[in-house]
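Working notes for the structure below.
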Number of protein chains: 4
Amino acid sequence: MKNPQEVVQRMLEQDHFSQWMELKVNSIAEGTSTVSMFVKQEMLNGFGVIHGGVLFSLADSAFAFACNSRDNLTLALDAQINFIKKAVRGDLLTASVEEVHSGKTTGVYEVKIRNQASDLIAVFRGTAYRTGKSLFENKD
Amino acid sequence: MKNPQEVVQRMLEQDHFSQWMELKVNSIAEGTSTVSMFVKQEMLNGFGVIHGGVLFSLADSAFAFACNSRDNLTLALDAQINFIKKAVRGDLLTASVEEVHSGKTTGVYEVKIRNQASDLIAVFRGTAYRTGKSLFENKD
Amino acid sequence: MKNPQEVVQRMLEQDHFSQWMELKVNSIAEGTSTVSMFVKQEMLNGFGVIHGGVLFSLADSAFAFACNSRDNLTLALDAQINFIKKAVRGDLLTASVEEVHSGKTTGVYEVKIRNQASDLIAVFRGTAYRTGKSLFENKD
Amino acid sequence: MKNPQEVVQRMLEQDHFSQWMELKVNSIAEGTSTVSMFVKQEMLNGFGVIHGGVLFSLADSAFAFACNSRDNLTLALDAQINFIKKAVRGDLLTASVEEVHSGKTTGVYEVKIRNQASDLIAVFRGTAYRTGKSLFENKD
């Protein structure tokens, strides 16, 4: 069985959008991950702050890494986000995942995004469905 | 007072991330919008399908255009998305907004994303807060 | 196989809380249901309007009837509600369910609650997990 | 200005549905509350477990007490719940509120419901809108 580091390395290698966001995985373990990125100009919306969709994307990638960390291929069913505080160009954002529930076929994960001053920027909650398959099936 | 077309044109001009997604605004009117994009390689996740965050971003941009269409500066408080079906590179996705509720200070919007075959890809619901300011204040 | 009417009759017979709410099932078919109730004094909160939890409960019961209508035992994973307009004692509320997605193991359902004047009171969205079991197993 | 205890006492006196649930407020302070109840037969659904709407209602009442604790009349805009584990008749459920964000006009609150064995039963998140009015206006 693959360990969490191997799983996330495999996911990231093929994850074009996380690469575009220039995500850095700070830590990864079973059921959790911590992921950072800098806010760049291409991520801004029409009001000069980070696009809500990019905040969601940062949380969603951290969620996906945490969900799949036990090499049980897991898909997001739904997710919810509350926008708390603006982030602007140059901010360093860090998403931290807490595994609220890990069942056999489903899981619930909370993600908090904070900036370099530890201000809370957004909170995210996702519901995941586990397929029971390895991420490495038919690939190695 | 500005009309919906003028508002969205102003928003898009400065919206770097919607530009990156290459969004096309098909229609815009008070409280609604229809927005399309093609799924490109940079939008894919580690499983070869569109990143959930990009789907959310498409819906979130359409939501923002609809919310602000009356030139009342409106901010997203929270949003929720259900992922229904995969989308892959080359798919043409269209997000359509329905204004479920338009109150004086808050609003509720539903967004449906469909592909070129009219298959439902995702459903999104957002809650918005109206500031009462013009988007053109201090700018014209 | 049981038809939707038989399934909902069985559910209601044993559903003490829906009985307490005095729910009336106006219609039931595969993937949908319409359910009504009157707002009674015991349902009010400290502000003299219907308790948000009772609105949610009405939607949740309608959702459960729609989900289980094909006699595939289905559980709610999560749900979300937007509160649009107040309801007061004596109002007649009707919840109508739309099946947004019906997959093999999961489903997505929207519920709209309206009052006797057809004003929208709340919108609800639930994600359900299908167990593949009959509701009548080990019981008949 | 009223203190949190006075505010919640006033809310509870007039809250028929929280009375029906036989809620006990274990603690209340600015931005938080802890509330308990026993699962009684009238709260069960057709599957012999607590109705999802009653779980939501417990969380929603705790949320309302926390939101209004500073005597700033606050209304729920929307809320979301994940159902984690069943609760049955006789269980003692406790809802604990965390104030994730307290802004001038809006707030975000997380509620966790646990049973007597400290098992997590459900997680809830609500978005609230502050009116700026006292709960005691025109009443004292």
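The values are calculated or read from the model by the stated rules, or taken from the named source; none is laboratory data. Quantities reported herein were computed from a predicted structural model and do not represent experimental measurements. Neighbour counts run over all protein chains shown; Cβ positions are idealised from the backbone, glycine included.
Residue check: B:SER134 meets all listed conditions (1) part of a helix (DSSP H, G or I); (2) over 22 Å from B:GLN19 (Cβ atoms) but one, namely (1).
On the basis of being of a type in the set (Ser, Thr, Tyr) and within 11 Å of chain D (Cβ to nearest Cβ), does C:SER134 make the cut? Show your work before the answer.
Values: of a type in the set (Ser, Thr, Tyr): yes; within 11 Å of chain D (Cβ to nearest Cβ): no.
Answer is no for this residue.
Applying the selection to the stretch B:32-53, what residues are within 18 Å of A:GLY46 (Cβ to Cβ), in contact with a Ser or Thr (Cβ under 7 Å, 6 or more places away or on another chain) and not hydroxyl-bearing (Ser, Thr, Tyr)? B:VAL35 - this is the single residue of the stretch B:32-53 that is within 18 Å of A:GLY46 (Cβ to Cβ), in contact with a Ser or Thr (Cβ under 7 Å, 6 or more places away or on another chain) and not hydroxyl-bearing (Ser, Thr, Tyr).
Give the residues of the stretch C:107-136 that are among the aliphatic types (A, V, I, L, M) and under 15 Å from the mean Cα position of the chain (by Cα), sorted by residue number. Before the answer, list the steps.
The initial filter retains those residues of the stretch C:107-136 that are among the aliphatic types (A, V, I, L, M), namely C:108, C:111, C:113, C:117, C:120-123, C:128, C:135.
Residues satisfying the conditions are C:VAL108, C:VAL111, C:ILE113, C:ILE121, C:ALA122, C:VAL123, C:ALA128.
C:ARG10 passes every criterion in (1) farther than 23 Å from C:THR127 by Cα; (2) in contact with a Lys or Arg (Cβ under 8 Å, 6 or more places away or on another chain) apart from (1).
Which of the residues belonging to the stretch A:1-16 are surrounded by fewer than 23 Cβ atoms within 10 Å (Cβ to Cβ) and either within 12 Å of chain B (Cβ to nearest Cβ) or within 15 Å of the chain's Cα centre (by Cα) (or both)? Hits for the stretch A:1-16 are A:PRO4, A:GLN5, A:GLN9, A:ARG10, A:MET11, A:LEU12, A:GLU13, A:GLN14, A:ASP15, A:HIS16. Within the stretch C:1-33, being among the β-branched types (Val, Ile, Thr) and out of contact with any strand residue (DSSP E or B) (no Cβ under 6 Å at 6 or more places or on another chain) holds for C:VAL7, C:ILE28. Among the residues of the stretch D:113-128, how many are part of a strand (DSSP E or B) and either out of contact with any Ser or Thr (no Cβ under 8 Å at 6 or more places or on another chain) or not basic (Lys, Arg) (or both)? Of the residues in the stretch D:113-128, 10 are part of a strand (DSSP E or B) and either out of contact with any Ser or Thr (no Cβ under 8 Å at 6 or more places or on another chain) or not basic (Lys, Arg) (or both). Scanning the stretch A:21-52 for residues that are within 14 Å of the chain's Cα centre (by Cα), more than 21 Å from A:SER102 (Cβ to Cβ) and crowded, with 17+ Cβ neighbours inside 10 Å gives A:MET21, A:LEU23, A:SER36, A:MET37. Looking across the stretch C:82-106, the residues that are under 21 Å from B:SER118 (Cβ atoms) and within 13 Å of the chain's Cα centre (by Cα) come down to C:GLU98, C:GLU99. In the stretch D:32-40 there is at least one residue that is within 11 Å of chain C (Cβ to nearest Cβ) and within 17 Å of D:LYS112 (Cα to Cα). Scanning the stretch A:28-44 turns up no residue that is modelled with pLDDT under 95 and among the aliphatic types (A, V, I, L, M).
Which of the residues that make up the stretch B:60-102 are within 11 Å of chain A (Cβ to nearest Cβ), within 25 Å of B:PHE47 (Cβ to Cβ) and buried (at least 19 other Cβ atoms within 10 Å of the Cβ)? Walk me through it before giving the result.
Taking the stretch B:60-102 first, the residues within 11 Å of chain A (Cβ to nearest Cβ) are B:60-65, B:68, B:73-84, B:86, B:89.
With the extra rule that they be within 25 Å of B:PHE47 (Cβ to Cβ), the set shrinks to B:60-62, B:79-84, B:86, B:89.
Of everything in the stretch B:60-102, those that are within 11 Å of chain A (Cβ to nearest Cβ), within 25 Å of B:PHE47 (Cβ to Cβ) and buried (at least 19 other Cβ atoms within 10 Å of the Cβ) turn out to be B:ASP60, B:SER61, B:ALA62, B:ALA79, B:GLN80, B:ILE81, B:ASN82, B:PHE83, B:ILE84.
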